[in-house]
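The values are calculated or read from the model by the stated rules, or taken from the named source; none is laboratory data. Predicted, not measured: the structure shown is a model, and the values here were computed from it. Backbone-built Cβ (ideal geometry, glycine too); neighbour counts: all protein chains shown. Each accessible area value is taken on the protein alone, full model and side chains, heavy atoms only, with ligands, DNA and RNA left out. Shrake-Rupley method; radii C 1.70, N 1.55, O 1.52, S 1.80 Å.
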Amino acid sequence: MEILKLSYDSLPAHLKPCFAYLSFFPEDEEIKAEYLMNLWIAEGFIPAAEQQWEMAWHWLDQLAQMCMFQVYEADYSVLTKHCKIHDLLHDLAIHISREDKCVFSVEEVSSHTSNSMGWCRILLAKNGLHVFNAISESRPVYLRTLSLYLNYSITSIPENLFTTMRGLRVLDLSYTQISTLPASLGKMIVLRLLNLTNTQIKEVPACVRHLKRLLFLALPIDCKSLPAWISDLRCLQHLKANCIDRMPRITNLRTLDSYMYLCAREEDKFTRLDNLVNMTQLQELSLTVYNDKELKRIEEGILAQLVKMRYLAIWNTTMEFGELSGKMRAMKHLESLQLLSFVVPSWICEFANLKQLKLVGCECSDYPELERMPNLVELLLSGN
């Protein structure tokens, strides 16, 4: 461990906490790069600036180049980068985090009650029901991160659990069996990240409305609608919400990770595509089209105003081939494009920054001149 620590000691100061935060994930976990960077931002490791997200990607690449972990591509997601860390380096990250007042087991929580008030992170993946007694007794007033990830035996959260955690920034309750959240969570006024993936929650809890500084929100697959008040979360930039049936306007949203059913009802006051047009900061978007009417609107170029778009996937499941509007040429920053059942225009080669192009079941009368895309590193042609 001391030899490995030499690699850590040689890191620039700003990268040291970013590496140590890999202890947040269990050993051998496939780490989604996007989520890791959201954790860094929520914790305040990345300075607040207009280019904050770009800086996070740069730091991720720096750590990879220094061989602190491996970054690789996964072919089943629009957001393709994942990370994996060697077991020994993961042990190093845990060792460093323990020195920074982090705990990783119920036993540690119970046996260090004298130091518990100063803990900054409690990471209790796979620790079972006893976690609540240990946390409640320790009253960690300076806690910044709490992760109960992969505790399938947890079915509810005690109302008083968050009473002393006013400085909490990160809360990960994913892969638990909870169906509700306590109202006291709404008092966590500095909470930046809330992960409810793979829980039993059916609708967005009302207490989330009071989390005015929330940057990242991940909802379970059974949560199929978003309340109108979610547009009041002015700081929300990253939303993961699978299979939602309607989309309120969220002005500052940057990332929308969702399988969206584009079959808006006439009586529905939320017109999804119109609201997407107003999300001018949106850079990552995945759409599944089930309705001929919505496909027609895409063909007319309703998405063309999303000029900051970098990752775009449109899955056309109608019986007709879709066509892309020439207005989409305004997406000058596009880096990843995935299409299902579209007629591919030759002008697609004008996306000079494109790194990833996936065409599945597409019709191409004249394939684009690939040599005009100098940054292309991945090309997939399937069933064309």
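Values computed for the structure shown
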quantity	calculated
Among residues of region 357-378, those that are of a type outside the set (A, V, I, L, M, F, W, C) and buried (at least 18 other Cβ atoms within 10 Å of the Cβ), counted	2
Single residue of GLY322, GLY326 found to be surrounded by fewer than 13 Cβ atoms within 10 Å (Cβ to Cβ) and either hydrophobic (A, V, I, L, M, F, W, C) or farther than 24 Å from GLU73 by Cβ (or both)	GLY326
Any strands (runs of 3 or more DSSP E) falling wholly within region 184-257 and containing at least 1 residues that are open to solvent by 40 Å² or more (accessible area, probe 1.4 Å) and in contact (Cβ under 8 Å) with a residue 12 or more places away in the chain	238-240
Condition met for ILE85 (in contact with a Leu (Cβ under 7 Å, 6 or more places away or on another chain) and of a type in the set (Val, Ile, Thr))	yes
Residue ID - least open to solvent (accessible area, probe 1.4 Å), chosen from residues in region 174-183 that are of a type in the set (A, V, I, L, M, F, W, C) and in a loop (DSSP other than H, G, I, E, B)	ILE178
Total residues in region 12-58, condition over 13 Å from ILE96 (Cα atoms) and either assigned to a loop (DSSP other than H, G, I, E, B) or polar (S, T, N, Q) (or both)	17
Residue match in region 345-356 (condition: open to solvent by less than 30 Å² (accessible area, probe 1.4 Å) and under 22 Å from the mean Cα position of the chain (by Cα))	yes
Residue among SER147, SER156 that alone is modelled with pLDDT of 80 or more, within 20 Å of TYR21 (Cβ to Cβ) and either open to solvent by 10 Å² or more (accessible area, probe 1.4 Å) or small (Gly, Ala, Ser) (or both)	SER147
Unmet criterion (only one of (1) open to solvent by 60 Å² or more (accessible area, probe 1.4 Å); (2) under 30 Å from LEU285 (Cα atoms); (3) without any contact (Cβ under 8 Å) to a residue 60 or more places away in the chain) for CYS18	(1)
Number of positions in region 64-96 that are modelled with pLDDT under 90, open to solvent by less than 80 Å² (accessible area, probe 1.4 Å) and charged (D, E, K, R)	1
Top-ranked residue of region 284-304 - restricted to ones that are assigned to a loop (DSSP other than H, G, I, E, B) and at pLDDT 85 or above, ranked as surrounded by the fewest Cβ atoms within 10 Å (Cβ to Cβ)	GLU300
Any chance ASN275 is on the phi < 0 side of the Ramachandran plot and at pLDDT 85 or above	no
